[in-house]
1. Between E350 and A406, what is the FRET efficiency for a Förster distance of 25 Å, r being their Cβ-Cβ separation, to the nearest 0.05?
2. Using alpha-carbon positions, what is the distance between the centroids of the range 80-144 and the range 217-276, in Å?
3. Explain nothing, just the number: relative contact order of the range 314-408, from Cα pairs under 8 Å at least 6 residues apart, as a whole percent.
4. If r is the Cβ-Cβ distance from I303 to F30 and R0 is 25 Å, what FRET efficiency results, to the nearest 0.05?
5. Could you sort 63-70, 159-166, 374-381 so that the peptide with the highest average Cβ count within 10 Å comes first and the rest follow in order?
6. With the Cα gyration tensor of the range 10-117 in hand, give its eigenvalues times 5 under a square root as the equivalent ellipsoid semi-axes, listed largest first in whole angstrom.
7. Among W214, W241, W200, determine the one that fluctuates most according to a GNM of the chain built with springs between C-alpha atoms less than 10 Å apart.
8. Once the Cα atoms of the range 142-308 are picked out, what are the Rg and Dmax in Å?
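The numbers here are math on the coordinates, done by the rules we state, and not lab data. A quick note: this is a predicted structure, and the numbers were derived from the prediction, not measured. A quick note on method: Cβ atoms are made from the backbone with ideal geometry, for glycine too, and the neighbour counts reach across all protein chains shown.
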Amino acid sequence: MSRPNTHAIDVRPIEEDEFADWLRALNAGFLREPVVSAEVVEGRRPQFVPGRLLGAFDGGRCVATYRSFDQEVTAVGCTTVPADAVSNVTVTATHRRRGLLSRMMGADLAAAKERGDVVSTLIAAEYGIYGRFGYGPATTMTEWVIDVPRAGFDPRRPAVPDDGGRIDLVDAEDVRKLGPELHDRVRRAQPGAVSRTDFWWQTNTGAVTFDGKWTEPFYAVYRSADGEIEGMVSYECDDKWGDAKQPLNTAEVNWLITATPRAERALWHYLCSIDWVQTVKSGWRSPDDVLPLLLPDPRAARITTQADWLWVRLLDVRRAMEARTYGTDGELVLETVDADGFTGGRYLLEAGPDGASCTPTTRTADLTLDVAELARLWLGDESVGRLVTLGTVREERAGAARLADALLRTPRRPWCPDMF
Ligand SMILES: CC(C)(COP(=O)(O)OP(=O)(O)OC[C@H]1O[C@@H](n2cnc3c(N)ncnc32)[C@H](O)[C@@H]1OP(=O)(O)O)[C@@H](O)C(=O)NCCC(=O)NCCS
């Protein structure tokens, strides 16, 4: 089936006075109520950054949306790299599969490359959308549900950490004041984590809402014995009771960040010690989160979701590979294929635990792979051996995959705590 000509449809950065129409199209694309109040338009105005919101216009009406913004991603070894974060991607159902996303993405990635961003990032609504644009799934997310009565805690014990620290409930204003500094510390130490904008803190503490609806959650902070804030959690509780007047409440974590293992332990134990709460839903966690092992009986934690999370598109192979550290010393020649022409080529990676150099080379390739496959490997989550078995990485020299795994993989898995 041939595609209708869409070049009559204008794809371009939107003007500020088109923001309300753009938000209406965004809602329609995400199957949300396609009416946007003046209050929501005003609340979301900080998201309008000239040049970074693209739209497609047909007869003057916005029919596709795309937004990108500056972000930092933490690489393995904890250097951060500048990223082009992509969000709010929609094409109205009436205009789908006519190449509008391709046009917006092509324009945005070219601009990101020009700006010097090392990678582009996104969280994909559906698995099949972004691989063709050179993105690969680079981190995974896991959600657990904890059956609290089975976890093995003694309901008679107080919710006081046994390490001299303390937990206090705080309000949204405290979170906006104390959260950004804590989060900055946490994300810089976590490969795969991303920076948060001021707007993130506004929308995640109810100062700005996307649809006028907001339920105030609980916020708790963990302070160590010397008064340092080392952890913070936002959670909500429902109000469910059984027929025989048993409390059956669920505490659902919106987000939980910790800078130290003791804060992590204390906050999960706290959540499992709230009277009435029979179930704790973990929210989006790292696939190798210690959470289950923090419970006396880890079997009380059941995985309910496991899925790809942060997708990465390498825009500069050299800088991306030089930004990270490696598991051992070694040399690899990577033949990378980039159909869009941003960063393909043959590179000699001379890597070690303190860093690497990655330079163009004419040496014979050890591994041949698409940039989307290299993106899968960049944060250390995927195994080269697995991709060789799958046939998406070609081993040109015997033993190269094994060496690549020794270089690239990490003892702890990367994790991006955020949706954006
Ligand atoms: C996903 C979406 C943005 C795609 O937009 P689109 O304009 O239809 O995409 P394009 O026409 O540019 O498609 C480019 C290619 O990707 C493919 N593609 C697009 N969406 C796809 C999907 N959801 N699954 C699989 N393939 C998809 C197209 O078939 C096309 O393939 P081809 O080049 O082989 O012909 C649009 O369908 C949409 O808005 N969906 C609902 C909201 C959503 O999921 N947004 C993404 C949020 S992360």
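1. Working from the Cβ atoms, E equals 0.95.
2. 34 Å
3. Rounded, it is 29 percent for the range 314-408.
4. Values: r = 27 Å, r/R0 = 1.07.
That gives a FRET efficiency of 0.40.
5. On the way: 63-70: 23.6, 159-166: 15.2, 374-381: 26.2.
Ranking, from highest mean packing down: 374-381, 63-70, 159-166.
6. On the way: eigenvalues 129, 55, 31 Å².
The equivalent ellipsoid of the range 10-117 has semi-axes of 25, 17, 12 Å.
7. W241
8. Gyration radius and largest Cα-Cα distance of the range 142-308: 15.9, 49 Å.
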